[in-house]
1. Any residue at all in region 571-588 that's out of contact with any Ser or Thr (no Cβ under 6 Å at 6 or more places or on another chain), among the hydroxyl-bearing types (Ser, Thr, Tyr), within 30 Å of residue 434 (Cβ to Cβ) and open to solvent by 50 Å² or more (accessible area, probe 1.4 Å)?
2. Considering each residue of region 194-226, count those that are open to solvent by 20 Å² or more (accessible area, probe 1.4 Å) and more than 30 Å from residue 255 (Cα to Cα), and give that number.
3. Of the conditions (1) modelled with pLDDT of 95 or more; (2) open to solvent by less than 50 Å² (accessible area, probe 1.4 Å); (3) more than 28 Å from residue 600 (Cα to Cα), residue 743 satisfies every one except a single condition; which number is it?
4. Given the conditions (1) open to solvent by 40 Å² or more (accessible area, probe 1.4 Å); (2) modelled with pLDDT of 90 or more; (3) farther than 19 Å from residue 83 by Cβ, report the number of the one that residue 839 does not fulfil.
5. Exactly one of these conditions fails for residue 43: (1) exposed (fewer than 14 other Cβ atoms within 10 Å of the Cβ); (2) modelled with pLDDT of 50 or more; (3) under 18 Å from residue 863 (Cβ atoms). Give me its number.
6. Among the residues of region 541-570, write down those that are over 30 Å from residue 595 (Cβ atoms), in contact with a Phe, Trp or Tyr (Cβ under 7 Å, 6 or more places away or on another chain) and open to solvent by less than 30 Å² (accessible area, probe 1.4 Å).
7. From 436, 367, 387, which residue is modelled with pLDDT under 85 and not aliphatic (A, V, I, L, M)?
8. Which ranges mark the strands (runs of 3 or more DSSP E) fully within region 195-293 that have 3 or more residues being more than 30 Å from residue 376 (Cβ to Cβ)?
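The values are calculated or read from the model by the stated rules, or taken from the named source; none is laboratory data. What you see is a predicted model, and the numbers here were worked out from it, not measured in a lab. Cβ sites come from the backbone with ideal geometry, for glycine too, and all protein chains shown count toward neighbours. Quick note on the areas: whole protein, heavy atoms, side chains included, nothing else; ligands and nucleic acids left out. Shrake-Rupley method; radii C 1.70, N 1.55, O 1.52, S 1.80 Å.
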Amino acid sequence: MAYSNQQSPRPLLFEEEPLDRGRCMNTKKKRRGVYIALLMLALPLCSLAQEDETASAGSVHGEYFVQQSVEFGGRIARTNGNVQMYDTLVNLRSGPRLLGQELSMRPMKRGDGLFDSLYLSSFGFGGDPNDLARLRMEKGKFYNFVGLYRRDENFFDFNVFANPLNLNQGIGAALKATNFNPTTMPWYVNSPHLQDTARNMGDFNLTLFPQSAIRIRLGYARNVTTGRLDTTLEGPIRTLMTEYDQWRSDRYQLGIDIRVMKRTTLSIDQFFEHDKVDPNFVDNNLSFTEGALGGTPIDIGLLFPPSGCTIVSGVTFPGSNVFVPSAGCNIGLFGFNRSGNVRSSIPTTQISLQSNYFRKLDITASGSYSSGHSDFLNYSEFANGFGSSGHVPSLITATSRTERVSGNADIGLTYHLNRSFSFSDKFRWLDWRNPGNSNQIGFTCTATPAPGLTEGSAGCTVANAGNTAFYQTYIAERTYYNTARLGWAPSSLVNAYIGYRYGRRELTGDPSGDSTILNSYYLVTDGVEDAPKNTTKINEHTALGGVLLRPIKEWRINADLEWLSADNSFTNIGPRHQQRVRVNTTYKVNKWSSINGGVHFVETRNDFAENINGAATVLPPFSPANPNLFPTTGVNTVPGAYGHKDHWRYYTFGASLNPNRQFGFDFGWTYLDQSINSATCVPVGAGTTVQATPALCVNANNAAGSPDVPLIQDYQERTNTGFAHLTVRPVQHVTLSVGYELTSTAGHNKWVLPGGSDGSGTLLMVSDIYGNSPPLVGNPTTPCPAASTAVTGGCAFPGPFPDAPLSQALNWHKPYVGLVLDLTKNLAVKTNYAYYNYNEKETRGLPLVNLPRDFHANTGTISLKYSF
């Protein structure tokens, strides 16, 4: 059965539903109701079908020939295990469904009626997480209309994500040594960044006079997202906030296509987008009471009990855990909310040209300009907390405005030298800038009010000038790319090209690079100009090549190569060298069978940690004298500290066998090998003891000997994904399908010391028994749990983040079977069964302090499809 602790243990907000939303989906009454409804529907339809067994789908209604089909049925779902994880990955529930619907109409005589063709289809309505409806209408040379509606439910509740309880090695001892019980915490079950939203999207496009020399295009799109969002407030304590929000975007389009001359079309489009967001976050973690049972609700943050604080277990949870503040733990909130109104407007003008008027020359060109702005109005942030001086309510109000001005253009020319050779050149330009400003005013209270003080309460006055701030920011980028290619196609069996691409990228706003820039690029804080913002410049050179081969008519091979080299990067993990290789092949063995395969390699690196200056003394890294990450002496670097390397390698293989209508088989397999190896300096905090480390980092922000530890992040992922699907028609009117899907991942995510010839080593952090490094005052340092080693001063845990999962290894299985029984030409019964199994393979032998995420589920679908 499902885990019993599926309900959120925190207090629910007004009109909030429990997280499981009644989705155990295993009640007998619900299943019986679906069975009875389907049976009542099936009986009259079966009788009707038998009487009209020789009829064909479709009928004449007035001046139109009409064909329709409707598939109605129901789902039955039962989940065992973590319902939140099932909803995150599958989210199918029990209940009746309109599984599919189609309508096609054509006039008996072309040219009559309002349309020449109409097609309407839909699926998923009635409770599925994804619904879609599509309408297409056209009338020869007069109009063409396409309308699309989609609704998607987006549920995410992966309780490892942003969770302070993540596999903390010392939590097992904490459960025995204190009254702290992580199973009572709201984030034991749920991610502090939970999402439960629904998105409704509509796209409607109308083309007038589609076959004429002048075409008019009209478009409208709406995107509305509503639902619940959880997030965390990062200070003064990390607390959980919840918002029930609605975000809406409306986009309008007016376009015209003009055939200015033979085989030449000029298009002009005007777009306007308006976005509306009204965030309203409130504190949803008032899970303790201050001082005594029945006291004021208080939020102590998403932390383990701080040193010096006392938690007294109550009778029930939530609301009955008592928090006793003391001199050592003056943190907490009695209430918090954040709200405002965001309004954005983005007008865009676009012009494009396509022409092959000249026999040997093809021309494409386009350009667009957009000048949008976003205003954050009525911003208000209220916090009622306590500190060393008692209750200190505060209120911050602000208004801000951000602009985005962007322009881009590209032009491409292809000249056909002769039947075999062609030369093309494409130039692309992009220029955008984002200036912004914010005016912020702070309010404080003149007297200590009651803990329940709310925004606007008496006692708060406008603060002095020290709490008034004006911020102005600026970030911009200019990009130029030019790609030249020489193509060779002597026959339909061989096609090849070579090319070269030059790129120039300039980012203003990054703290590194050139400083000779305009005064308008200055950053202004509190009305005072800071140092000018810098511009980072990158020159990129890329060699291109590709080939298409057809050794025989049935065999096709595609291959492409890109080889990039850059003299700079915006970030240390940005590539300064990149190789990309893609090879795909398909072979049609005969009329009923084919195979395919491919490889895709991406290798990147950034050698920012190389010793290229041969300095004899320790110098700050990234300076003109020493661009190294780690300290260097002479010509030596810390072993293994190269910089950043990564690769993605994809391998695919598949086949399709369909010898006749009675048999069909398809399968496919993909293997991903992903590796990231990146050197970095990790600040471990003052007072932290690190076991067996090399020389500490020297960087621009800390002096030599600072507590920054040189580490290498070693991440590796190996993922196998496969599917197989078999379709068999053993007898007439019966179709049986069987399939299986599998995803299996393995790998690791660890931090190693750059020591030894292979750059491997173990970083150990001296902590208390709960994994806090340095040990918190008052916390025990013995006896050490099994996941650590006893050392002088405490317990040595793998670092630098003892509570972070090292990797995520899992198996995902989905076998399924389906049966279709054609009762007549017009009526079919369809059934489907699927089994979902999600299993995480790695626990590292540590105590499990999050609700286990494994689950398995059985889902069944039964339906009737009636065509008429």
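1. Checking region 571-588: at least one residue is out of contact with any Ser or Thr (no Cβ under 6 Å at 6 or more places or on another chain), among the hydroxyl-bearing types (Ser, Thr, Tyr), within 30 Å of residue 434 (Cβ to Cβ) and open to solvent by 50 Å² or more (accessible area, probe 1.4 Å).
2. Residues flagged as open to solvent by 20 Å² or more (accessible area, probe 1.4 Å) and more than 30 Å from residue 255 (Cα to Cα) within region 194-226 amount to 3.
3. Residue 743 satisfies all of (1) modelled with pLDDT of 95 or more; (2) open to solvent by less than 50 Å² (accessible area, probe 1.4 Å); (3) more than 28 Å from residue 600 (Cα to Cα) except (3).
4. Among (1) open to solvent by 40 Å² or more (accessible area, probe 1.4 Å); (2) modelled with pLDDT of 90 or more; (3) farther than 19 Å from residue 83 by Cβ, the lone unmet condition for residue 839 is (3).
5. Every listed condition holds for residue 43 apart from (2).
6. As a first pass, look at region 541-570 and keep what is over 30 Å from residue 595 (Cβ atoms): 541-543, 564-570.
Checking which are in contact with a Phe, Trp or Tyr (Cβ under 7 Å, 6 or more places away or on another chain) leaves us with 541-543.
Residue satisfying the conditions is 542 alone.
7. On the way: 436 fails: modelled with pLDDT under 85; 367 fails: modelled with pLDDT under 85.
Only one candidate passes the filter, namely 387.
8. Details: elements: 195-208, 214-234, 238-261, 264-277, 280-283, 288-290.
In region 195-293, 195-208, 214-234, 238-261, 264-277, 288-290 are the strands (runs of 3 or more DSSP E) which contain 3 or more residues that are more than 30 Å from residue 376 (Cβ to Cβ).
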